[in-house]
1. With B:Lys204, B:Lys219 as the choices, which residue is assigned to a helix (DSSP H, G or I), farther than 22 Å from B:Gly274 by Cβ and within 11 Å of chain A (Cβ to nearest Cβ)?
2. Taking only the stretch B:101-113 into account, find how many residues are assigned to a helix (DSSP H, G or I) and touching a helix residue (DSSP H, G or I) at 6+ places or on another chain (Cβ under 7 Å).
3. Looking only at the stretch B:114-138, which residues are in contact (Cβ under 8 Å) with a residue 60 or more places away in the chain, part of a loop (DSSP other than H, G, I, E, B) and either among the hydroxyl-bearing types (Ser, Thr, Tyr) or farther than 24 Å from B:Phe248 by Cβ (or both)?
4. So, of the residues in the stretch B:21-41 that are touching a helix residue (DSSP H, G or I) at 6+ places or on another chain (Cβ under 6 Å) and modelled with pLDDT of 95 or more, which turns out to be surrounded by the most Cβ atoms within 10 Å (Cβ to Cβ)?
5. Of the conditions (1) surrounded by 22 or more Cβ atoms within 10 Å (Cβ to Cβ); (2) of a type outside the set (Phe, Trp, Tyr); (3) without any contact (Cβ under 8 Å) to a residue 24 or more places away in the chain, B:Ala18 fails just one. Which one is it?
6. Just checking, which of B:Ala197, B:Ala235, B:Ala220, B:Ala205 is out of contact with any His (no Cβ under 7 Å at 6 or more places or on another chain), surrounded by fewer than 21 Cβ atoms within 10 Å (Cβ to Cβ) and not assigned by TED's automatic domain parsing to the domain that holds B:Trp99?
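The values are calculated or read from the model by the stated rules, or taken from the named source; none is laboratory data. Keep in mind it's a predicted model, so treat the numbers as computed, not measured. Don't worry about glycine lacking a Cβ; one is built from the backbone with ideal geometry, like all the others, and counts go over all protein chains shown.
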Amino acid sequence: MHLSSYRIGGQYLAEVEVESSGVTIARATDQTRITSEERAIEAAVRRLSRTRRLDFDLTVGG
Amino acid sequence: MTNYAYPEVLVSSDWVLAHLKDPTVRLVEVDVENNAYEQGHIPGAIAWSWQRQLSDQVRRDVIPREEFQELLGSSGISNETTVVLYGDNNNWFAAWAFWQLKIYGHADVRLLNGGRKKWLQEGRELTTDVPAYPVARYFAQKPDFSIRAFLPDVQRAVHGGEVDLVDVRSPQEFTGEILAPPGLPETAQRGGHIPTARSIPWGKAANEDGTFKTVEELKAIYSAEGIDGNRSVIAYCRIGERSSYTWFVLKYLLGYQNVVNYDGSWTEWGNLVGAPIERGLAAPVKTLVAHAS
């Protein structure tokens, strides 16, 4: 995961991105950089916990 | 921009900066979620919701022609307007909006190379002001579905062997290990991929800053999986937005002629009773060629 944060006006925007795909998995805004990043990370963890996984043989045609 | 087949469909962030007040240009942000725009966007840009404004609200389909006309007109876009689309996730839904504008025949539509991410990373100006533009007259062409694949097209491709299927999802979605990108809600009853599909994740076409790779790099990526423009291609993903990104790459950057987007994608195929599914890794391209000869 890659965490970025930017200042926009009087607030900070933090975004968590899946590095391998460039997908923004979560974002959050708050008054400080640290709190916006913490909230974005919390949102990312919640989202990732909802990923549905299946277990099976991953070989060709498996 | 390098030697792309149709370089005019891409604009740089410098170009956007120079045209922020150009009345003939309309910037439109299309994100996965609307809160990105609300938190800060390029000055002068409006936002479209892919779920509410670019999708039929009753049945699963692209936006109907009359509603497309209404959307563009109310966005202050005329048939002569240069529409510049951008968004998050390296322009996932911006590319999907591009595809729909082409379905309805809008002449001049472009993508901001690098999307929202590049604009942010360059530290450029953002605003939370939402602009209002005067309503314009807009006439949408009859839909051109020559750039769209439907279920029968994909079924023929699976059984006929003359059309290449490109699965642009992540490797874990392709194998069936997961049903959707982490945390996203639109899944299917089954995991896996459409038989004969090649796995070429959409993100391989992008640099780290979100911009598109060069023609030479793109050709190498796709030809490694047997995609070289000599055969028709159907690109698919989960709901059709990542595959529209790949459709854009193949058609507009590489100039491959017969490329279509299967927007039903895995949420259609993976939920279809009786549709054949493969799981696990795809066979190497060389194996497929050997079997065909």
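1. Selected residue: B:Lys204, the only one of B:Lys204, B:Lys219 that is assigned to a helix (DSSP H, G or I), farther than 22 Å from B:Gly274 by Cβ and within 11 Å of chain A (Cβ to nearest Cβ).
2. Looking only at that region, the number is 2.
3. Residues satisfying the conditions are B:Glu125, B:Leu126, B:Thr128, B:Asp129, B:Val130, B:Pro131, B:Tyr133, B:Val135, B:Ala136, B:Arg137, B:Tyr138.
4. Ranking the qualifying residues of the stretch B:21-41, first place goes to B:Val30.
5. (1)
6. From the options B:Ala197, B:Ala235, B:Ala220, B:Ala205, the qualifying one is B:Ala220.
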